[in-house]
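Heads up, the thing below is written out as structure tokens.
Read-outs throughout are calculated quantities, based only on the coordinates presented, and are distinct from any laboratory measurement. On a predicted model such as this, the values are computed, not experimentally measured, just so you know. Quick reminder, even Gly has a Cβ in these numbers, built from the backbone with ideal geometry, and neighbours come from all protein chains shown.
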Amino acid sequence: MAGRGAGTPLLLRLSLLLLLCQDKFFLPAGTLGCATVAVHSPVVPLGSAVSASCTIQHKLCHISEQGKVQITWMLDNEPLAGSQHQGLGGAVVSNLTLPQLNRTQARLWCCVEWNGTKQRVGMAKIWAGYPPAKPFNLSCLLNLTDYGLTCQWEQGADSHLPTNVTLKCAGARSSRCRRSRGQAVTGCAPQGGRSRCTVPRRLLQLYRQMEIWVSATNALGTAESEHLSIDPMDVAKLDPPALQSIQSIPVQTDCVALTWEVARSNAHMELQCELRYRAPEDPAWALVTGIVGQAGTAQRCGFLFGTRYRFQMRCRRSSGRGYWSEWSPGREYTTHEKAPTGKLDAWWSARPAGAGGLLEVQLRWKAPRRQQANGRVLGYRVTLSPRRRGRDPPAVCNTTGTQCNFSAPAGTRRVYLSAYNSAGESAATEVVLLERKGQPLAGLQVVPGGERSLWVRWEAAPTPAAAYVVEWQRVPSVPGHCSACWQMERDGATTTALIHDGIEPFQRYNISVFPLYTDAVGVPVHTTAYSQQKAPSYAPKLHLKSISKSEAELCWDPVPVEEQNGFITSY
């Protein structure tokens with residue numbers, strides 16, 4: 001195999017000479033083979049000079065020696081002129097030199113003008129191109145199923161010439177490819193013009209260093225890629241492990257234990273593995289590194305309760321060399337629930353209910369975040385007194401929604417709100433029904449935050465606030481939209497809030513901000529705003545109210561707010 005590989009350039013040149021230098025052409029009435037066309041080389045660098053000669057034998061062409069013969073040339077269909085002189089044995093010889101050949105393939109014709117006619121009597125085909133480009137970006141991967149070494153590379157610029165590309169291997173130092181005894185061998189040849197091929201297992205020595213490189217050869221030269229010195233096992237891509245089971249440990253913690261098995265083809269190797277997991281709502285995977293061993297159990301804590309996660313694992317050799325396996329097929333697991341935790345954001349309005357001595361209360365709240373819900377919230381309870389000694393007071397509301405209207409005795413100052421799931425009920429959030437008589441904000445400004453959001457900025461009152469509530473409502477109100485969307489800012493030092501729930505471009509919104517003090521709710525400050533504006537949807541229709549000799553009075557109906565698409569500055 002080595003001998004054949006080494007002789008390839010010479011064989012390629014000979015085959016091109018035999019293929020390209022076909023110089024015998026037919027003339028009418030028995031003038032077969034009367035001209036010989038010879039070129040210095042049928043394969044030349046693109047842009048270089050080309051030398052050729054054409055020899056005419058009078059006897060073979062049945063031309064009398066006294067007959068005047070004029071030899072001309074054509075490069076494809078382009079006429080050319082060469083020199084002409086008398087050769088040995090009565091032959092007529094014409095020489096031609098092309099200073100530059102700027103086409104990758106050409107036919108060079110020798111033509112004879114005799115007795116007023118012009119005949120093509122010989123031709124040589126010429127190839128022009130470049131030596132092969134140096135292959136680059138060579139990389140290899142060992143398949144553990146059949147232990148074939150697949151390598152791929154990039155070939156570089158086109159040489160415009162037939163090029164023989166082979167992937168070669170050799171033993172490094174004391175190691176040898178089995179068939180070569182230290183000599184370079186052709187490991188494999190790519191098929192169909194591809195830049196990849198696979199060296200079979202019988203040509204490899206595993207766990208020993210080998211040199212791998214790509215050789216590209218054409219009639220103008222040979223180029224080799226950089227040599228890779230690798231142990232084929234160092235570029236093995238392992239088969240993925242298999243997750244066997246996932247369970248919570250112990251039951252009431254945020255920890256899970258996973259067991260896995262490695263693929264059978266990897267069972268004899270020391271491995272390092274990685275675990276990744278995510279919930280559907282997570283923007284990215286969480287990654288656990290440094291898992292060592294062939295198979296076993298891994299433990300991980302910090303999972304949210306009552307949440308469905310997807311787990312995957314991958315492994316590679318513990319040496320850190322080689323490729324990671326593909327991620328294993330995903331396995332899903334839902335952690336167990338526990339009772340909701342944390343306080344709920346709540347907002348209210350209250351007013352006396354006529355002469356009955358009752359208070360009409362509207363209570364609204366926000367659903368707990370994932371970290372506090374600890375599972376799927378099944379409902380909410382509102383009571384007028386806290387739970388004592390494990391006894392649940394009667395509920396004035398038990399609902400799956402986030403709003404409740406109820407009547408309470410006049411003078412009620414506190415209500416208690418809790419959430420529950422299948423694992424239990426949260427500690428109650430105490431809602432103090434404070435009067436709205438505190439100091440208002442010193443100033444309020446709203447600017448667009450985007451097409452569907454608004455930045456609310458305010459200037460705090462002299463009295464420090466414990467929190468703020470921002471309310472907004474579309475003008476005019478639309479069924480299906482919240483009658484008054486709201487959010488709570490628990491940081492009393494903040495003076496900004498971004499609102500985006502229900503905000504749409506070209507619609508007007510009333511915005512109010514309430515400061516919450518320890519003993520009262522501040523009087524709200526109001527403003528209106530758009531997240532984006534454009535021209536009104538239509539112009540109002542004019543009506544002639546009165547007319548006289550010197551003036552006319554016109555009137556029109558204002559454009560409805562929902563069609564204004566912004567603040568109208570003038571008509």
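Worth a mention:
- Amide proton proximity set for Gly82, modelled H, under 5 Å, gap of 5+: Trp73
- The Kirkwood radius of the range 346-432, taken over pairs of alpha-carbon atoms, gives through the Stokes-Einstein law at 20 °C and 1.002 mPa s a diffusion coefficient of 157 µm² s⁻¹.
- Near Cys397, the amide H atoms lying under 5 Å from its own belong to Val382; only residues 5 or more places off or on other chains count, and H is placed 1.01 Å from N.
- Expressed as a fraction of 2.2 N^0.38 Å, the C-alpha radius of gyration for the range 402-510 is 1.29.
- When peptides 331-337, 250-256, 124-130 are ranked by their average number of other Cβ atoms within 10 Å per residue, the highest-first order is 124-130, 331-337, 250-256.
- Counting only lysines at least 8 places from Lys118 when in the same chain, those with an alpha carbon closer than 20 Å to its own are Lys24, Lys59, Lys68.
- Option label - P(r) over Cα pairs in 20 Å bins from 0, in percent computed here, alternatives [x] 15, 36, 26, 15, 7, 1; [y] 14, 22, 20, 20, 16, 7, 1, 0; [z] 18, 44, 30, 7, 2, 0: [y]
- Computed over the chain, the per-residue total of -39500 (n - 2.57) for DSSP H runs of n ≥ 4 gives a 222 nm mean residue ellipticity of -1000 deg cm²/dmol, rounded to 500.
- Pairwise alpha-carbon distances in the range 136-235 exceed 22 Å for 25% of all pairs.
- The stretch between Gln70 and Arg452 holds 128.8 nm of extra length on full extension. This uses 0.36 nm per residue minus the Cα-Cα distance.
- Gain in span if fully extended, Ser318 to Thr412, counting 0.36 nm per residue against the direct Cα distance: 27.0 nm
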